Every structure is written in structure tokens, then in C-alpha cells.
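Just below is one structure, and these are the notes that go with it.
Throughout, read-outs are computed from the coordinates displayed, never taken from laboratory work. Not measured: the values here are computed from a predicted model. So basically every Cβ, Gly included, is an ideal-geometry build from the backbone, and we count neighbours across all protein chains shown.
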Amino acid sequence: MSNLAGKAYAITVLSPLKPWTTWLNQVILLRARQAAAASNDSSLKKLTFIHYARWQVVRRQDWLAEEPGQVKYNYLLFFSNFNGTWDQYIDAFSDVVPSGLNLIWRWSVKFPGSVPVTPFKQYIRLNQFDTDYYYNAYPGAATTDVKAALYLKDQMAKFAENSKDLEPAAFKEAYNKFLINVQNSLMSTGTGPRFTERHNDASRELKGV
Amino acid sequence: MAINFSWFYKLTKPLNRILNKNGQAYNLTMLNPIKKDHADALRTTLAKIPVVDVDSPLANFPLTHFARFNVIDSLPFVGAPALYDHLQNQYLVFSCVFDTGNTNWRSVGSDLDAYLKQMFEAMPTEINSIWGHCVDFPEPLTLSAFQDFVKKYQIGGGFFFADYPNNTAEEARRALFEQKQFIDFVIKAQEISDHAQLKADFYQFSKNLADAPTPPPGSIFTSSVVKE
């Protein structure tokens, strides 16, 4: 299977946390959530290529089949559903939100910091798990496409309602103004970069077809 | 001597449940131990799920935005002087983002139950074939047993980020479908020089669009309501 589904990439990272700093990590994650909820313009939203992401703590006792004492660290589990390549994603993270990332990840064992980017990438690569199955409900669209489409839908309904009684010439003028207003929301969606044929073939082989 | 933080985790458990939700979106994360010697069979099962999203069993019901399965064989070792954590078991991680349709943090319990009910009805075979490789999987499978199973292995808390937390997957797909249709209309409308005709065509297009069904979950939209 693949980390890709349509235009989205699934990253899954588990990094060890010192047990005695885990509570602090949880408080920071809570503060990060509050800060993001209070702002419609957070740094993560500014990146505009993350559909959904989550940082959460897996405690030693959450590995429910292990004997007590078997797992020595707590773990920071990070998920993200983003668009673009792995390199673009990590580069953008490192460039745009380095202090936020450092605050969240600095409690992970041997975390090198998010800048410079090469040791940061090495650390993520070391702790990343590939995806065995990944599902995307709207594989043809990137995050920006979804937000633009939602905006366009809203604007289109308003335009249709407000323009229905206009004379044809006034309608044409309003239509042109409307197009100028929504021009940044008229992007093409479609198949992503995944090699669908190759995956189909592999899938057929597994099924013995 | 190890410091015991169990009081802290008990204290924060209700909060951790609430943190599964952002807006109307809910993120479910599960960490299930896999039965001994079942990991390879589980991986094969996951690999047999249709890779084209529209054919996925998760597309059988409309609530899921994204979902993933990861099989964890061992924990990462970040190098000396860190300790090496060795797992005695392999684990299945399942994470999905789904719609609750409400922003009420008090309903996190019933939101999860409602999602699992839909999942249970939409993909019972796959639930059996995937989580059947995991420890404690209830047999025979009933809805309430499945809900209890999920909750037992659920991980909460942390920071759940959503870029469009108040929009459902259905709304996103509908908007994307309408966006594609409108682009087709705009291109076609460039050929119309008569203003009255443009207005008539726009409202006919709006009517056709309103009547057109939303494509199913996981699909990439290719059909057009704009007449050639």
C-alpha cells in the first residue's frame, strides 16, 4: 500500500518522549489547540495544505498487550493528511512554524530542532511509519481546492439570489464582477500523482485475479 | 524511582475525550495489539482493500474524510544514549476523521457511537477481516461489543488540527462537484454574446446543478451538467 491517496499524503510519526516531561508536552498541546481555536489565521492554517493533523501522546500503558515496564518511553504520535510531497511538507513546517514545532517536539528524545532542516528530516524519517491502507473521501482535491470550493458555493448561491431580478445588461455586468471576485476559487481538480494503474495491477495480483 | 503520573491521566481523561473533536470533526485513534503471528495476514488483508477510494468499504457510508491503517512491528530507536524499546507484540494503528454534524463537545460519546453504528452497518465483513486479527476482537460481533472494543483501545487527547472543521465530507464533495460544474459553465459561457441568453443559461445551469446528485464518497468528478 502507499502513503498516498489521491492528492493527500499520510504521514505517521511516533517519537519517544521522556515520561517525566510528558505531562508538560500534553499541556503544550492543549495550549496549541486553544491558540489554534482562537485564531482563524493560525500558522498551520496559513500553510493551506494540511486537511487534518494531530499530535497525541501514547502512554506506556496504552500498549495494552505489553507487560508493565516493557515500554520505557511514552510516545508522541503525529498524524497528518497533507498535499504535496514529503519534502515540501517538512520544509514548509521547518520554514513557517519552527518555534511551534520545537515547542511540541522538544520533549522527544534526541529531537534535533526543526532548524536546520536536514537533521529534522532525518529524525522524522527515522520515526515515520508507512501506511498500510489509506482512504480519502475526495481524492481529486487539495486542501486549498476544498476551501475554495466551499467559498465558491457560498458566493454562487448569493450571486444567483441577488441577480435574478436584474435586467440582462446589468446581469452581465454583475456576472463579470462575480467572476473577478471568485477567480481564485476556479481551480481544476482531478487525479493525483499516484500511479493508479500500477496500484491496480498490484492489487489484482494480490487478489489472484 | 519512577514518578507515578496515573493521577494526572485519570484527571485528564474526560478532557482527552473532548479533545478528539474540533468543530464538528472527530478524530478517532485506536491502538490494537495484533494476535500472535497474524500481522502478515493482516497486512495482506489491508493490501486487498481496493486502492481506488470510491471502491473502498469506507466509501460505503458518507461520514469519513480520511482514514488510515498502520501496522507497527517495533518502536523506533533514535540512537544512543536513548533506550531501546522492544515490543513483545505487533500493533495496528487506525486513525480516521469523521463527521459528527454538531459542534457540541458534550456529545463526544454519542458521536463516536453513531459513527461506529454506521461503520458496523456499512462494512461488517471488513471489520471482521481487519480487526479479527486483533486481540480481544468480539466474536460473535455485535454493535455494542464493537463499540466497547473500539473505546477500550482508543487513544485521546493532544492537539487535533482541522483546516475546515465545520464542514462535513458531504459538503466538501458537493462544493467540489459544483466548482467543477461551474468552471465548465464559465468556459462555455464565454461563447455567449447575448446578455439575456447568458442570464437564461446561468439560471438553467443553476437548476440543473441543484437537480444533479452529489457524486459518491471517494470519487473524482468527471461528469458535467453543462450541455455541449
Among the lysines, which fall within straight-line cross-link reach of residue A:46, defined as a Cα-Cα distance under 20 Å, with same-chain neighbours fewer than 8 residues apart omitted?
-> A:7, A:147
Straight-line reach check, residue A:72, cutoff 19 Å on alpha carbons, 8 or more apart in-chain or any other chain, hits among lysines -> A:18, A:110
Rounded to the nearest 20 debye, dipole of segment A:45-106 from Cβ charges on Lys, Arg, Asp, Glu = 260
Charge dipole of chain A about the Cα centre (unit charges at C-beta), most positive-ward option of A:137, A:112, A:13 = A:112
On a 0 to 90° scale, report how tilted helix A:143-163 is relative to the longest principal axis of chain A, with both axes built from alpha carbons and the result rounded to the nearest 10.
-> 30
Using the beta-carbon distance between residue B:208 and residue A:24 and R0 = 56 Å, what value does 1/(1 + (r/R0)^6) give for FRET efficiency, to the nearest 0.05?
-> 0.50
Longest exposed-loop-site-free stretch of chain B, with trypsin sites (Lys or Arg not before Pro), DSSP loop and at most 16 other Cβ within 10 Å?
-> B:37-226
Shielding by other protein chains, A:46-52, mean Cβ within 10 Å = 4
Between residue B:40 and residue A:115, with labels modelled 7 Å along Cα→Cβ, what's the label distance in nm to one decimal, could you check?
-> 4.8
Per GNM of chain A with C-alpha springs under 10 angstrom, the most fluctuating residue out of A:113, A:140, A:69 is A:69
So for segment B:113-165, using the alpha carbon gyration tensor with a ≥ b ≥ c as root eigenvalues (a/c under 1.5 gives rounded; past that, a/b versus b/c decides prolate or oblate), I'd call it prolate
Average other protein chain Cβ within 10 Å of Cβ, residues B:45-58 = 6
Would you order B:125, B:103 from fewest to most other beta-carbon atoms within 10 Å of each residue's own beta-carbon?
-> B:125, B:103
Would you mind checking the tilt of helix B:6-18 against the longest principal axis of the Cα atoms of chain B, expressed as 0 to 90 degrees and rounded to 10?
-> 10
Between segment A:129-181 and segment A:1-48, what's the alpha-carbon centroid distance in Å?
-> 29
What nm value, rounded to one decimal, do you get for the distance between residue B:196 and residue A:177 when each label is placed 7 Å out toward the C-beta?
-> 2.4
Listed residues B:107, B:144, B:74; largest mean-square fluctuation, Gaussian network over chain B with Cα springs below 10 Å, found at B:74
How many Cβ atoms of partner chains, on average, are near each residue of B:179-187 if near means within 10 Å of its Cβ?
-> 5
So the angle from the long Cα axis of helix A:86-96 to the longest Cα principal axis of chain A, reported in degrees to the nearest 10, equals 90
Take peptides A:89-99, A:124-134 and line them up by average Cβ neighbours within 10 Å, highest first, as a rough protection proxy.
-> A:124-134, A:89-99
Specify the inter-centroid distance of segment A:50-124 and segment B:188-217, based on alpha-carbon positions, in whole Å.
-> 47
Based on Cβ point charges of +1 for Lys and Arg and -1 for Asp and Glu, what charge dipole magnitude is obtained for the protein assembly as shown about its Cα centre, in debye rounded to the nearest 20?
-> 1300
